[in-house]
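The values are calculated or read from the model by the stated rules, or taken from the named source; none is laboratory data. Keep in mind it's a predicted model, so treat the numbers as computed, not measured. As a convention, Cβ positions derive from the backbone with ideal geometry for all residues, glycine included, and neighbour counts pool all protein chains shown.
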Amino acid sequence: MLPLKGKTMVVIGGSGGVGREIVEHGLRNGARVLAVARHEAGLRQLAVDVRGVETLALDATDAGAPTTVFDVLKPDILVLCAGATPPAAPLHQQSWLEFAVNWETDVKMAFHFCKAALSRPLSPGASVILISSGAALAGSPNSGGYAGAKRTQMFIANYSQKESDRLGLDVRFMTLAPRMMPDTEFGRQAVAGYSRYLGISQADFVKSMSSPPSPADVAAGVIDLAVNADQSKGKTLVVSGNGLEAVP
């Protein structure tokens, strides 16, 4: 039997990259899946390419976005994967708007949706999985406020779990922190930026990486958390090419 059969899954940022991989894994594992993204063109292409997916176009940073999404499909599994591309420059070469872009997108989206998951609330047993970044643990001096924003997503998930437990809601919050993925568009931009920053070739930078994950590794991690949410609630797990590793 498919492990997510009869479950509903909403993927915020589901039209491309890692989000699209999560959408496809959810469908293959039996879930009814709604992909949410800002741009309609990407969602239309997704609907052509991936049979059975449902789509919704909106800006996930809007305060009213969770209500709109939950009215279309109330999720048993909510995956927050959307985010902005950070700048590729050291601190002193950035404007405040460049530095803060991930706070105004990634963090704002996580705040609104986690707040709604608690205040609406989602049904008992529902899971909220935030896709953060390994940069939240190691730092990222060439990407402005990105690492701090992704760390704050971890805090939001942790705080939300404490509130869920305090209020007896039985909504589970978890965070996945993928290491840099050089075979994604986002990862290729990061590789290019850091190779320039360090003064080495992109090939040498990639060779220095230890077991980088693929989008499929992240998607498999999402399914694992969704299936084993009782054991994983409140946890942050790093995703590498070797699988999942819990952060103490």
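Quick look at the numbers
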read-out: Residues within segment 220-248 that are part of a helix (DSSP H, G or I) and surrounded by 13 or more Cβ atoms within 10 Å (Cβ to Cβ), tallied; value: 10
read-out: Residue list for segment 138-155, restricted to those being assigned to a helix (DSSP H, G or I) and surrounded by fewer than 24 Cβ atoms within 10 Å (Cβ to Cβ); value: Ala138, Ala147, Gly148, Arg151, Thr152, Met154, Phe155
read-out: Test set (1) surrounded by 14 or more Cβ atoms within 10 Å (Cβ to Cβ); (2) modelled with pLDDT under 95 - Phe173 fails condition number; value: (2)
read-out: Some residue of segment 120-137 being assigned to a helix (DSSP H, G or I), among the polar types (S, T, N, Q) and either under 18 Å from Ser160 (Cα atoms) or modelled with pLDDT under 95 (or both); value: no
read-out: Segment 194-219 - residue that is surrounded by 19 or more Cβ atoms within 10 Å (Cβ to Cβ) and not in a loop (DSSP other than H, G, I, E, B) and, of those, farthest from the chain's Cα centre (by Cα); value: Phe205
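Here's the yes/no breakdown for (1) surrounded by fewer than 19 Cβ atoms within 10 Å (Cβ to Cβ); (2) touching a Lys or Arg at 6+ places or on another chain (Cβ under 9 Å):
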{"residue": "Pro86", "(1), (2)": "no, no"}
{"residue": "Val101", "(1), (2)": "no, no"}
{"residue": "Thr105", "(1), (2)": "no, no"}
{"residue": "Ala117", "(1), (2)": "no, no"}
{"residue": "Arg120", "(1), (2)": "yes, yes"}
{"residue": "Ser132", "(1), (2)": "no, yes"}
{"residue": "Ala135", "(1), (2)": "no, yes"}
